[in-house]
Amino acid sequence: MPAMNALPALPACCTPLDDQWLLPEALSDTVLLSTCFDPLLLTGNDFPNSAIEPPASIQRSVAKRQAEFLAGRICARAALHQLDGQICVPAIADDRAPVWPAHVSGSITHSTGRAAAIVARKDHWQGLGMDLENLLDPERAERLAGEILTPPELLRMAATPQDDRALLVTLTFSVKESLFKALYPIVRQRFYFEHAEILEWTHSGQVQLRLLTDLSAEWGHGRELSAQFGVKDGQLLSLVGIKA
């Protein structure tokens with residue numbers, strides 16, 4: 001490959017990109033890459049050396065926010081490069097979503113110390129949403145449940161073994177975030193936690209969910225989708241893929 005098509009070297013704050021699939025099943029025709037990042041290793045030259053232009057809001061922010069933005073964009077650029085050889089860093093839209101090339105759907109996510117991106121051509125996947133969260137501790141999960149779960153979800157949680165409740169609240173939060181990221185670019189309508197519900201989930205990482213609002217002619221109240229999640233090192237990664 002000619003040097004002009006090579007990607008810049010990774011900054012010291014990011015580990016080598018990893019294509020290990022942290023989820024139960026790999027989606028065909030997608031590229032998923034992740035990295036671990038350390039904000040303490042971020043230097044002032046990392047953005048220019050990586051050929052990534054930070055938006056003003058990122059330039060003004062703390063090292064943690066800068067490092068997660070840089071790590072996420074590095075994953076996204078490398079994933080796009082692997083998908084079709086182009087070198088492109090997704091910009092930030094006014095609604096803060098990444099701006100992907102017109103023929104691509106994708107998602108970027110980060111949580112403490114880890115960032116990831118997934119991309120695909122729109123003729124395979126019209127929507128992709130991925131979300132990474134630190135697992136909630138039991139106390140915090142009980143406190144947040146009322147904000148994240150619908151009344152039927154709260155009833156199901158009450159019937160869930162105590163040991164699984166924090167996981168259930170974390171995965172409900174994360175899957176609804178992934179759903180929003182996957183659907184918003186398609187329907188261009190904002191919706192919130194109360195507008196979807198988890199119907200069932202398995203410890204192996206399968207999730208079934210349902211829309212509770214009308215977002216478009218195709219995406220109406222009662223429409224069901226599937227999602228998946230995986231847990232590693234105290235973090236939960238979820239993914240919603242909407243086939244073309």
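Every number in this text was worked out from the coordinates using simple rules, so none of it is lab data. Keep in mind that this is a model prediction, so the values were computed, not measured. Neighbour counts run over all protein chains shown; Cβ positions are idealised from the backbone, glycine included.
Numbers below:
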{"quantity": "Stretchable slack from His221 to Leu199, in nm (0.36 nm times residue separation minus alpha-carbon distance)", "calculated": "6.5 nm"}
{"quantity": "Inter-probe distance in nm under a simple model that places probes 7 Å from Cα toward Cβ, at Ala244 and Val99", "calculated": "2.3"}
{"quantity": "Local net charge near Thr160, Cβ-Cβ under 13 Å (Lys/Arg +1, Asp/Glu -1)", "calculated": "-3"}
{"quantity": "Principal axes of region 166-244: Cα extent on each, largest first, Å", "calculated": "39, 21, 20"}
{"quantity": "Sorted by Cβ density within 10 Å, fewest first, the residues Tyr184, Tyr192", "calculated": "Tyr192, Tyr184"}
{"quantity": "Val62-Leu41 FRET efficiency (beta carbon distance; Förster radius 22 Å; 0.05 resolution)", "calculated": "0.90"}
{"quantity": "Cα-derived Rg to Rh of the chain, Kirkwood definition", "calculated": "0.97"}
{"quantity": "Pairs of Lys in the chain closer than 20 Å at Cα, counting only those 8 or more apart or on different chains", "calculated": "5"}
{"quantity": "Stretchable slack from Arg143 to Asp233, in nm (0.36 nm times residue separation minus alpha-carbon distance)", "calculated": "30.1 nm"}
{"quantity": "Cα convex hull of region 1-66, projected area averaged across orientations, nm²", "calculated": "6.4"}
{"quantity": "Cα-based shape type of region 43-156, given that a ≥ b ≥ c are square roots of the gyration tensor eigenvalues and the cut on a/c is 1.5", "calculated": "oblate"}
{"quantity": "Likely footprinting exposure, Glu147, Glu68, fewest C-beta neighbours within 10 Å first", "calculated": "Glu147, Glu68"}
{"quantity": "Order of Thr30, Thr43 under a 10 Å beta carbon neighbour criterion, fewest first", "calculated": "Thr43, Thr30"}
